[in-house]
Structures are given as structure tokens and as C-alpha cells.
Amino acid sequence: MTLRRLLCILAGLGSVPTTSPVAARPEPTSPVVQAAAAAGLRPAVLRLALRAHARAQAAGLTTSPVLTVIDYSLPSRMRRLWVLDVRRGRVLARELVAHGRNSGDDVPQRFSNRSGSLQSSLGLFLTGRMYRGKHGLSLRLRGLEPQLNGRAEKRAIVVHGADYVSERTIAALGRLGRSQGCPALDRAVARRVIELIRGGTALFAYHPSAARESRLAAR
């Protein structure tokens with residue numbers, strides 16, 4: 001499959017057959033929907049994430065059942081990152097995650113794919129390899145939606161631990177500290193989460209957009 005074809009699928013210009021078991025919409029009572037809802041992930045957000053994950057699987061970009069969902073419509077003081085095992089219907093982690101400093105204070109409102117914006121990016125990402133950088137153990141991300149997050153690697157948008165992501169910071173500021181656009185985690189859990197999601201799993205970052213949700217619902 002050519003890169004052009006992969007990008008078309010991810011941009012919604014291609015199509016995934018509705019009879020494909022990969023692309024099938026999960027039943028409302030499926031184990032993953034039930035487990036995620038019990039852990040606080042809203043079903044509407046999960047449905048969008050599962051559709052994006054299914055498209056990536058259909059395009060051959062990932063074979064992993066692990067799916068990370070970040071709901072940036074929630075305040076940073078809430079645990080708004082979930083790691084799911086879609087196949088087994090399990091929630092593997094639910095954690096705090098920071099957003100970019102120019103995206104907003106407690107609840108982000110602005111998102112960008114532009115270098116130097118210091119804003120978070122939305123859409124579907126694929127995790128890459130782990131490495132040790134200035135933030136310690138970190139995980140590279142590749143954006144799969146050119147207009148939304150295609151510059152993630154160039155911008156060095158990665159998963160990493162940070163001192164400003166903690167319950168102590170929330171107690172002091174009423175919110176988490178903010179990153180330069182990276183989905184930063186509490187250092188106490190960063191290694192565990194990074195090891196869970198490394199090596200080619202899907203990560204879906206959400207914030208409400210009527211146009212985007214309409215496109216996804218039509219697929």
C-alpha cells in the first residue's frame with residue numbers, strides 16, 4: 001500500500017468496507033465500552049477513538065490492540081488519559097496528562113500543528129521508540145493526520161514525565177503545569193505508561209469540533 005493511499009484512508013478520502021471486522025462499530029455493551037465508561041471515558045469520545053484506531057489497523061499502520069485516548073475537553077486537574085486494551089476490553093491505565101502552555105490554562109481551547117506554537121495537537125498518532133532525553137525516558141510520536149498533527153516529529157512532540165504533572169501541582173495551582181505541546185505525564189507513572197504504549201500503538205487526542213465529528217460520524 002502506497003503512502004498516498006494510507007494518507008487518504010486516514011484523512012477520510014479512502015474508505016474502509018463496512019463489512020470489515022476491524023472497522024466494525026463496537027456494540028454499546030461491548031467489554032471495552034463498558035470498561036472505559038466505568039473508568040470515566042465518555043462513550044462518544046471512545047467511539048471516535050475506536051473509529052480512528054480501526055482506520056489505522058485497516059491501513060496496516062498498527063496491529064496492536066492498545067489504544068490511548070486523551071480527552072482534552074476535560075480540565076487538566078482530571079485524569080483524562082486512558083490506555084485501553086481494545087481486544088480484551090480492559091483499561092490498563094488512567095492518568096493525568098498536561099497540555100501545551102499556549103493551548104489554555106486548566107481546560108485547553110487552542111490547538112496547533114505549527115512549530116513554535118507551544119500548543120497541543122489533536123488527532124491520531126502512532127507511538128515510536130523510547131529514548132532518553134532532557135526529560136528522562138520519553139516516547140516519540142508520529143502524527144498520522146497531516147493537517148492536525150503531521151509536524152509532531154519535527155516539533156518533538158513526545159510523551160515524557162514532568163515534575164509539573166502531579167496531584168501536588170494541582171493542590172498548589174488548581175491545575176497542572178503546562179508543556180510545550182507534549183502530552184506530559186506524572187513522573188511516577190511515566191515509565192509504566194510509556195512501556196505500555198511504545199512501539200506502534202495508536203494514540204488519539206480529542207477536543208470537540210463539530211466539523212471533525214461530523215466527518216468521523218459519516219465514515
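The values are calculated or read from the model by the stated rules, or taken from the named source; none is laboratory data. Note that this is a predicted model, so its numbers are computed, not measured. Here the Cβ is made from the backbone with ideal geometry for all residues, glycine too, and neighbour counts use every protein chain on show.
The table that follows gives values for the structure above.
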item: Residue within region 115-128 that is among the small types (Gly, Ala, Ser), surrounded by fewer than 18 Cβ atoms within 10 Å (Cβ to Cβ) and within 22 Å of Arg178 (Cβ to Cβ) present; result: yes
item: Residue match in region 208-219 (condition: under 24 Å from Leu46 (Cβ atoms), among the basic types (Lys, Arg), assigned to a loop (DSSP other than H, G, I, E, B) and out of contact with any strand residue (DSSP E or B) (no Cβ under 8 Å at 6 or more places or on another chain)); result: yes
item: Within region 78-91, tally of residues that are under 24 Å from Arg175 (Cα atoms), assigned to a strand (DSSP E or B) and aliphatic (A, V, I, L, M); result: 2
item: Residue that is modelled with the lowest pLDDT, among those in region 205-219 that are over 19 Å from Gly128 (Cα atoms) and within 17 Å of the chain's Cα centre (by Cα); result: Leu216
item: Failed condition for Ala98, given (1) in a loop (DSSP other than H, G, I, E, B); (2) out of contact with any Ser or Thr (no Cβ under 9 Å at 6 or more places or on another chain); result: (2)
item: Selection within region 140-159 - within 17 Å of Leu61 (Cβ to Cβ) and surrounded by fewer than 23 Cβ atoms within 10 Å (Cβ to Cβ); result: Arg140, Arg142, Glu145, Pro146, Leu148, Gly150, Glu153
